[in-house]
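Here is the structure we will look at, set down as structure tokens.
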Amino acid sequence: MLVDNHGRKISYMRLAVTDRCNLRCFYCMPEDGLDWLSRAELMNYEEMLRMCQLMVQMGIEKIRITGGEPFIRKDIMLLLSSISKIDGLKELTITTNGVLTALYVSQLKALGIKSVNLSLDTLDAARFFAISRRDEFAAVMNTLDELLKHDLDVKINAVVMDGKNTQDILPMVELTKNLPVSVRFIEEMPFNGEKHNYAGLHWDHLRILHEIENGYPAIKKLSDDLYSTAYNYQIPGYKGTVGIIAAYSRTFCGTCNRIRVTPQGTLKNCLYDDGVLNIKDLMRAGAKDEEIKQELLNAFSQRPIDGREAERLRKEQALVHESMATIGG
């Protein structure tokens, strides 16, 4: 078992395979996009597979593939197929914006992928366009239909933004009446690719819950798994569940079991740190597997106690301003 310096089990890795995305959600990046990484800066698939194999040997049990948008990367299904075959890996999942995903759902099912996180901030096509700056609402809803048709577990992730989509909270909760989905509301975070454009948190997890309780007074608290990042609820008689993720408030750090690896191979012990080790550079310098494992153990022995400590320890002391697309959000 892999344990950090605070006695927390590390068993879950999020691997971002690209920084590129086919949406331009304003809370993630500027309208003109980002300075995209060159191909040489990205980990190639052989490096990603080797890293995943080493991580599983060390104790990682679950891998989530993220981006950017993972289905933008060429031949992504080949990587997913290879990772799915790693001996000892218990769960492979994926997070997607759903624009391109519908075509791949049957293949995901065939690989044994049982759960998909779908980013969807609104059920209104006009608001979707205003938030994402792209007219892809129909494609995302088609993906949702395909995921449900193939009996995959679906978690719908919605970032709650003041003045943008708070009117969607109750309609999205209503999705759980007839659909076996988990609708999860996420506090907005400062990872928008801008240095001076984060206005701060207006809708925290308590305010989101209050809004839901006003519309659904009968809603009941569910028990949460030890490593859950969400506070989970259900309305009696509804097929699905509701979750609230205090991503900015950072109330779940005490049981955090996850690490992140960016598309360029940078290990992040915490979403809020600025990277603690570059795995790709080690591989390209010729490091052997045992050397890489030792470097990883050294990094895991210095995990911050929570996201606020991670933010304080950043080398660049300004407020965090990376894009979520570059760090596997």
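The values are calculated or read from the model by the stated rules, or taken from the named source; none is laboratory data. Remember, predicted model here, so these are calculated numbers, not experimental data. Note that each Cβ is placed from the backbone with ideal geometry, even for glycine, and that neighbours are counted across all protein chains shown. Areas reflect the complete protein model, heavy atoms only, side chains present, ligands, DNA and RNA absent. Shrake-Rupley method; radii C 1.70, N 1.55, O 1.52, S 1.80 Å.
Does the chain classify as rounded, prolate or oblate by the C-alpha gyration tensor (a ≥ b ≥ c root eigenvalues; a/c under 1.5 gives rounded; else a/b over b/c gives prolate, otherwise oblate)?
Cα axes put the chain in the rounded bin.
Quick one: angle between helix 289-300 and the longest Cα principal axis of the chain, in degrees between 0 and 90, rounded to 10, please.
50 degrees
Any idea what angle helix 137-149 forms with the longest principal axis of the chain, computed on alpha-carbon atoms, 0 to 90 degrees, nearest 10?
Between the helix axis and the principal axis of the chain, the angle is about 80 degrees.
Kindly express, to the nearest 10 degrees and within the range 0 to 90, the angle between helix 45-58's C-alpha long axis and the longest C-alpha principal axis of the chain.
90 degrees
For every other residue with a beta carbon closer than 14 angstrom to the beta carbon of MET283, add +1 if it is Lys or Arg and -1 if Asp or Glu, then tell me the sum.
So the environment of MET283 carries a net charge of -3.
If you place +1 on the Cβ of every Lys and Arg and -1 on the Cβ of every Asp and Glu, how big does the dipole about the Cα centre of the range 11-78 come out, in debye to the nearest 20?
Charge dipole of the range 11-78: 240 debye, to the nearest 20.
Considering only protein heavy atoms and a probe of 1.4 Å, how much of the accessible area of the range 203-313 is carbon and sulfur, as a whole percent?
Carbon with sulfur: 50 percent of the solvent-accessible area.
Shape verdict for the range 197-242, please, from the Cα gyration tensor: rounded (a/c under 1.5), prolate (a/b greater than b/c) or oblate.
oblate
From the square roots a ≥ b ≥ c of the eigenvalues of the alpha-carbon gyration tensor of the range 1-150, which class results: rounded (a/c under 1.5), prolate (a/b over b/c), or oblate?
prolate
Considering only protein heavy atoms, what per residue accessible area in square angstrom results for the range 1-40 with a 1.4 angstrom probe?
Per-residue value: 46 Å².
In the range 107-137, whose amide N lies under 14 Å from the spot 7 Å out along Cα-to-Cβ of MET77? List them in ranges.
107-113
So how much accessible area does LYS90 have, in Å² to the nearest 10, using a 1.4 Å probe?
Counting only protein heavy atoms, the figure is 150 Å².
With every protein chain kept in place and ligands, DNA and RNA left out, what is the accessible area per residue of the range 246-306? Probe 1.4 Å, answer in Å².
Result: 40 Å² of accessible area for each residue.
In deg cm²/dmol, rounded to 500, what helix-only [θ] at 222 nm does the chain give when every DSSP H run of at least 4 residues adds -39500 (n - 2.57) and the total is split over its residues?
-8500 deg cm²/dmol
Compute the signed sum of charges (Lys and Arg +1, Asp and Glu -1) over the other residues within less than 10 Å, Cβ to Cβ, of ALA125.
After counting each charged neighbour, the total is -2.
State the antiparallel share, in %, of DSSP beta bridges confined to the chain, rounding to the nearest 5.
Bridges in the chain that DSSP calls antiparallel: roughly 25 percent.
Ranking request for peptides 226-238, 207-219, 157-169: highest mean number of other beta-carbon atoms within 10 Å first, then the rest in descending order.
Output ranking for 226-238, 207-219, 157-169: 157-169, 226-238, 207-219.
For GLN57, what is the net charge nearby, where nearby means another residue's Cβ is under 12 Å from its Cβ and Lys, Arg count +1, Asp, Glu -1?
Result for the local shell: -2.
Set Lys and Arg Cβ to +1 and Asp and Glu Cβ to -1, take the dipole of the chain about its Cα centre, and tell me which of ILE10, LEU206, VAL173 lies farthest positive.
Comparing the listed Cα positions along the dipole, ILE10 ranks first.
Dipole size in debye (nearest 20) for the range 190-306 around its Cα centre, Lys and Arg Cβ +1, Asp and Glu Cβ -1?
200 debye
Between the range 37-80 and the range 246-306, how many Å separate their Cα centres?
15 Å
If you split all Cα-Cα distances of the range 167-276 into 5 Å bins from zero, what percentages do you get per bin, shortest first?
Spelled out bin by bin, the range 167-276 gives 2, 11, 18, 19, 17, 14, 10, 6, 2, 0 percent.
Quick one: pull the percent of accessible area on the range 137-193 belonging to carbon and sulfur, 1.4 Å probe, ligands and nucleic acids left out.
After summing per-atom areas, the C and S share lands at 48 percent.
Carbon-plus-sulfur fraction of the accessible area of the range 55-116, 1.4 Å probe, in percent?
51 percent
What size of dipole, in debye to the nearest 20, comes out for the chain about its Cα centre when the only charges are +1 on Lys and Arg C-beta atoms and -1 on Asp and Glu C-beta atoms?
580 debye
Report the Cys residues of the chain lacking a disulfide-compatible partner, meaning no second Cys Cβ under 4.7 Å from their Cβ.
Within the chain, the cysteines lacking a partner Cβ under 4.7 Å are CYS21, CYS52, CYS253, CYS256, CYS270.
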